[in-house]
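Undergrad: If you scroll down you'll find the structure; I have some questions about it.
The values are calculated or read from the model by the stated rules, or taken from the named source; none is laboratory data. Since the model is a prediction, treat every value here as computed from it, not as a measurement. Ideal geometry is used to build each Cβ from the backbone, glycine not excepted, and the neighbour counts take in all protein chains shown.
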Amino acid sequence: AQSVTQLGSHVSVSEGALVLLRCNYSSSVPPYLFWYVQYPNQGLQLLLKYTTGATLVKGINGFEAEFKKSETSFHLTKPSAHMSDAAEYFCAVSVSNRDDKIIFGKGTRLHILP
Amino acid sequence: DTAVSQTPKYLVTQMGNDKSIKCEQNLGHDTMYWYKQDSKKFLKIMFSYNNKELIINETVPNRFSPKSPDKAHLNLHINSLELGDSAVYFCASGTGAILEQYFGPGTRLTVT
């Protein structure tokens with residue numbers, strides 16, 4: 001069965017610094033991978049996704065993620081943090097389109113320090 | 001022109017009551033979902049429907065009953081509410097093709 005592990009339930013970075021949120025997945029077949037963002041008191045919004053093809057995926061708000069099969073990772077990065085990036089970030093995986101199920105990680109709260 | 005909408009946004013009720021949450025999507029998607037997010041932000045799927053047919057039914061108490069009158073609507077009815085049902089419930093919809101899902105704003109349910 002597939003699973004997702006997000007390292008660090010809380011990450012703090014200074015405004016303007018590099019953002020790195022870690023995600024490792026477990027899957028016996030090629031996965032579909034996603035990052036979602038949840039701002040306070042809102043629903044989840046898709047940041048980016050990897051399905052097939054180019055392993056470096058660019059998303060909204062300057063975020064990108066790289067699929068590394070050898071490391072079973074899909075870390076999320078942004079070169080320069082902005083105060084508005086403070087939110088909860090969820091990594092998610094799916095390997096089957098039979099039941100359309102996505103498995104979410106437990107989330108990482110990103111804090112931006114002034 | 002909200003893509004996925006839920007009502008109500010907040011729901012406060014007492015133990016033992018029955019309540020419903022409604023969800024509508026105007027994206028033309030065939031698949032809709034209900035998720036429960038607990039106080040630690042853990043997000044877990046409860047149900048999914050594809051074109052009014054139940055596809056996913058995770059281990060959820062049978063007090064929870066989803067109903068899909070058409071593919072644009074997926075409602076969640078909860079009987080005999082318990083304290084542990086307090087959570088934020090999210091509706092989502094998707095195409096199923098690459099599993100990208102669009103989430104509603106959530107319904108915060110508080111059972112007292």
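Undergrad: So which strands (runs of 3 or more DSSP E) are wholly in the stretch A:4-91 and hold at least 3 residues that are in contact (Cβ under 8 Å) with a residue 12 or more places away in the chain and farther than 30 Å from B:Thr7 by Cα? Steps first, please.
TA: Details: elements: A:10-14, A:19-26, A:32-38, A:44-50, A:56-58, A:64-68, A:73-78.
Correct list: A:10-14, A:19-26, A:64-68, A:73-78.
Undergrad: Every residue in the stretch A:71-84 that is over 17 Å from A:Val57 (Cβ atoms) and either out of contact with any strand residue (DSSP E or B) (no Cβ under 6 Å at 6 or more places or on another chain) or small (Gly, Ala, Ser) (or both), please.
TA: As a first pass, look at the stretch A:71-84 and keep what is over 17 Å from A:Val57 (Cβ atoms): A:80-84.
Within the stretch A:71-84, A:Ser80, A:Ala81, A:His82, A:Ser84 qualify.
Undergrad: Kindly indicate whether A:His111 is over 25 Å from B:Gly104 (Cα atoms) and either modelled with pLDDT of 90 or more or in contact with a helix residue (DSSP H, G or I) (Cβ under 7 Å, 6 or more places away or on another chain) (or both). I'd like the intermediate steps shown before the answer.
TA: Working: over 25 Å from B:Gly104 (Cα atoms): no; either modelled with pLDDT of 90 or more or in contact with a helix residue (DSSP H, G or I) (Cβ under 7 Å, 6 or more places away or on another chain) (or both): yes.
No, not satisfied.
Undergrad: Then there's this: Any residue at all in the stretch A:99-107 that's outside any strand (DSSP E or B), at the interface with another protein chain (Cβ under 9 Å from one of its Cβ atoms), crowded, with 21+ Cβ neighbours inside 10 Å and among the β-branched types (Val, Ile, Thr)?
TA: yes
Undergrad: Name the residues in the stretch B:84-112 that are in contact with an Asp or Glu (Cβ under 9 Å, 6 or more places away or on another chain), within 13 Å of chain A (Cβ to nearest Cβ) and touching a residue at least 12 places away in the same chain (Cβ under 8 Å), would you?
TA: Hits for the stretch B:84-112 are B:Val88, B:Cys91, B:Ser93, B:Gly94, B:Thr95, B:Gly96, B:Gln101, B:Gly104.
Undergrad: Continuing with the same structure: Do the conditions hold for B:Leu81, that is, is it touching a Cys at 6+ places or on another chain (Cβ under 9 Å), away from every other protein chain (no Cβ under 14 Å), surrounded by 16 or more Cβ atoms within 10 Å (Cβ to Cβ) and at pLDDT 95 or above? Break it down stepwise before answering.
TA: Working: touching a Cys at 6+ places or on another chain (Cβ under 9 Å): no; away from every other protein chain (no Cβ under 14 Å): yes; surrounded by 16 or more Cβ atoms within 10 Å (Cβ to Cβ): yes; at pLDDT 95 or above: yes.
No; evaluated as a whole, the condition is false for this residue.
Undergrad: Assess whether B:Leu43 counts as being under 25 Å from A:Ser9 (Cβ atoms) and away from chain A (no Cβ under 14 Å). Break it down stepwise before answering.
TA: Details: under 25 Å from A:Ser9 (Cβ atoms): yes; away from chain A (no Cβ under 14 Å): no.
So B:Leu43 fails the test.
Undergrad: Here's something else I'd like to know. Name every residue in the stretch A:55-84 that is at negative phi and either hydroxyl-bearing (Ser, Thr, Tyr) or at pLDDT below 90 (or both), in order of residue number. Steps first, answer last, please.
TA: First pass over the stretch A:55-84, keeping only residues at negative phi: A:55-60, A:63-71, A:73-84.
A:Thr55, A:Ser70, A:Ser73, A:Thr77, A:Ser80, A:Ser84, listed by residue number.
Undergrad: Another question, if that's okay. Just give me the residues in the stretch B:1-33 being outside any strand (DSSP E or B) and buried (at least 21 other Cβ atoms within 10 Å of the Cβ), in sequence order. Give the steps one after another, and end with the answer.
TA: So in the stretch B:1-33, the residues outside any strand (DSSP E or B) come out as B:1-3, B:8-9, B:14-18, B:26-30.
If the condition is that a residue be outside any strand (DSSP E or B) and buried (at least 21 other Cβ atoms within 10 Å of the Cβ), then B:His29 is the only one that fits.
Undergrad: Separate question: The conditions are (1) at positive phi; (2) of a type outside the set (Val, Ile, Thr); (3) loosely packed, with under 14 Cβ neighbours inside 10 Å, and B:Ser39 fails exactly one of them. Which is it?
TA: The single condition B:Ser39 does not satisfy is (1).
Undergrad: Taking the stretch B:4-22, which residues are within 11 Å of chain A (Cβ to nearest Cβ) and either of a type in the set (Asp, Glu) or under 30 Å from A:Thr5 (Cβ atoms) (or both)? Let's see the steps before the verdict.
TA: First, the residues of the stretch B:4-22 that are within 11 Å of chain A (Cβ to nearest Cβ): B:4-6, B:9-10.
Passing the criteria: B:Val4, B:Gln6.
Undergrad: Something else about it: Quick check, is B:His73 more than 10 Å from chain A (Cβ to nearest Cβ), closer than 23 Å to A:Gln42 by Cβ and not hydroxyl-bearing (Ser, Thr, Tyr)? Can you show your working first?
TA: Working: more than 10 Å from chain A (Cβ to nearest Cβ): yes; closer than 23 Å to A:Gln42 by Cβ: yes; not hydroxyl-bearing (Ser, Thr, Tyr): yes.
Yes.
Undergrad: On to the next question. Give me the residue from the stretch B:50-65 that is over 28 Å from A:Gln6 (Cβ atoms) and not acidic (Asp, Glu) and, out of that set, farthest from the other protein chains (Cβ to nearest Cβ). Full working, then the answer.
TA: Narrowing the stretch B:50-65 to residues over 28 Å from A:Gln6 (Cβ atoms): B:50-54, B:62-63, B:65.
So of that shortlist, the ones also not acidic (Asp, Glu) come out as B:50-52, B:54, B:62-63, B:65.
Details: B:Asn50: 7, B:Asn51: 12, B:Lys52: 14, B:Leu54: 11, B:Asn62: 20, B:Arg63: 22, B:Ser65: 19 Å.
Only one residue tops the list, namely B:Arg63.
Undergrad: Would you point out the residue of the stretch B:24-40, among those that are of a type outside the set (Lys, Arg) and within 11 Å of chain A (Cβ to nearest Cβ), that is nearest to A:Gln42 (Cα to Cα)? Steps first, please.
TA: Step one: list which residues in the stretch B:24-40 are of a type outside the set (Lys, Arg), which gives B:24-35, B:37-39.
If we keep only those that are within 11 Å of chain A (Cβ to nearest Cβ) too, we end up with B:29-33, B:35, B:37-38.
Numbers: B:His29: 21, B:Asp30: 23, B:Thr31: 21, B:Met32: 18, B:Tyr33: 17, B:Tyr35: 14, B:Gln37: 12, B:Asp38: 14 Å.
Of everything passing the filter in the stretch B:24-40, B:Gln37 is nearest to A:Gln42 (Cα to Cα).
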